[in-house]
1. Determine the principal axes of the Cα atoms in the range 65-145, then give the extent along each, sorted from largest to smallest and rounded to whole angstroms.
2. Hey, rough spin-label estimate for Lys216 and Ser285, points 7 angstrom out along Cα→Cβ, what's it come to in nanometres?
3. Using a Gaussian network model of the chain with C-alpha springs under 10 Å, which one of Asp74, Asp213, Asp83 is most mobile by mean-square fluctuation?
4. Please find the FRET efficiency linking Arg225 to His246, where r is the Cβ-Cβ separation and R0 is fixed at 22 Å, and quote it to the nearest 0.05.
5. Multiply the residue separation of Asp267 and Arg296 by 0.36 nm, subtract the distance between their alpha-carbon atoms, and state the gained length in nm to one decimal.
6. How large is the charge dipole for the range 7-179, taken about the Cα centre, if only the Cβ atoms of Lys, Arg (+1) and Asp, Glu (-1) carry charge, to the nearest 20 debye?
7. May I ask for the longest run of the chain untouched by GluC sites (Glu not before Pro) that are loop-located per DSSP and have at most 12 neighbouring C-beta atoms (other than their own) within 10 Å?
8. Give the accessible area for His70 in Å² (nearest 10); use a 1.4 Å probe, count only protein heavy atoms, and leave out ligands, DNA and RNA.
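The values are calculated or read from the model by the stated rules, or taken from the named source; none is laboratory data. If you're wondering where the values come from, they're calculated on a predicted model, not measured in any experiment. Every residue, glycine among them, receives a Cβ derived from its backbone with ideal geometry; neighbour counts consider all protein chains shown. Note: accessible area is taken over every heavy atom of the protein model, side chains too, but ligands, DNA and RNA are not part of it. Shrake-Rupley method; radii C 1.70, N 1.55, O 1.52, S 1.80 Å.
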Amino acid sequence: MSRPFRTAAVIGAGTIGLSWTALFAAHGMTVRVSDPRPDLAEAVADALEQFAPHLTAQGLDVSGLAAHVHIAADVTEAVRDADIVQENGPENVEFKKDLFATLVREAPKHALLLSSSSAIPTTTFTKEIQDADRILIGHPFNPPHQIPLVEVVPGERTSKDAVQKAVDFYTFLDRTPVVLHKEIPGFVGNRLQHAISREATYLVQQGVVSPQDIDKVLTNSLGIRWATVGLFLGQHLGGGPGGYRHIVTHIGKSMSKSITLGEPSQDPELEETAIKAVEKAYGTSPSTELSELRDRKQLAVLSALQQASKTGKEST
Ligand SMILES: NC(=O)c1ccc[n+]([C@@H]2O[C@H](COP(=O)([O-])OP(=O)(O)OC[C@H]3O[C@@H](n4cnc5c(N)ncnc54)[C@H](O)[C@@H]3O)[C@@H](O)[C@H]2O)c1
């Protein structure tokens, strides 16, 4: 049986593009990478080496990983025989407008054209493109070769077929696609992150708590709960026999009365307070040790969750 997703073009090989490259290759795809950066070949080789243990930890075979990846001379060469194009260039509307006009022209007609954009909805950069039915957002969380979520966000003219194909593609990559029903800047994950981040910055600026203690609060409570059951199920389970209804009508009401959320100040001095506090806690430039520790912990959580879900299924 032939596989539907054989060849991928990765356009833009920075933080996100390099991570997608490794994930695509580890799933046996041929990957053609295009980026004007002068150190492209070296950056790709380094990334494949660095990410190989993360992929192995997910049960993927990384032998011969590099043989799947080819450096393309330009975008046209990269997309020539692509089934999938994943764009990861600068977060800039004009760039995406120009690039997607080229992709529609140069990629095979069956190719799905995906953008990793963190906040720019498809419709914003496809207004002048005629053949926009196969263009949509596939927004990952960094790094996509580790974090499972991909937000699939169709534009006004994206076809249902393209949405389904995007869901099939990310499922084939063992990611967890979530389809949004409406376009909204920032999509869902980043809007939620922004909301929490705003309150956390406010609390630090007000001198209520240090950045390290905010991180302790999250990693020792909400982070664990959210990683296992999410927000709504967490509240439903936490509301006793009355479930979510009880939370909303009782605790929720009283919380709304007593808590007024803060707005972090844009005053440069106060902004500097929060920046200095983070740098004091974790260093001015984050160390390799810290990012390696994060990677190990993230992979351990993912593996433990997978195991716990399997055990639950086995016992039901
Ligand atoms: N970094 C994140 O946490 C994150 C998470 C999810 C999504 N995204 C999105 O992914 C995209 C890429 O973000 P990033 O963090 O990897 O940025 P980055 O700056 O690390 O990489 C962008 C790359 O695009 C390349 N580029 C510039 N012009 C190009 C061209 N004409 N053709 C091909 N490549 C070109 C640059 O050389 C650079 O290597 C953005 O749209 C961003 O919003 C980023």
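1. Largest first, the range 65-145 extends 38, 29, 20 Å along its Cα principal axes.
2. Roughly 2.9 nm, to one decimal.
3. In this elastic network of the chain, the residue with the biggest mean-square fluctuation among Asp74, Asp213, Asp83 is Asp213.
4. Working: r = 17 Å, r/R0 = 0.79.
Efficiency at R0 = 22 Å is approximately 0.80.
5. Numbers: separation 29, 0.36 × 29 = 10.44 nm, distance 3.69 nm.
Between Asp267 and Arg296, full extension yields an extra 6.8 nm.
6. Numbers: 13 positive and 23 negative charges, 85 e Å.
For the range 7-179, the charge dipole is close to 400 debye.
7. On the way: sites that count: Glu128, Glu156.
Formally, the longest exposed-site-free interval is 157-316.
8. Accessible area of His70: about 80 Å².
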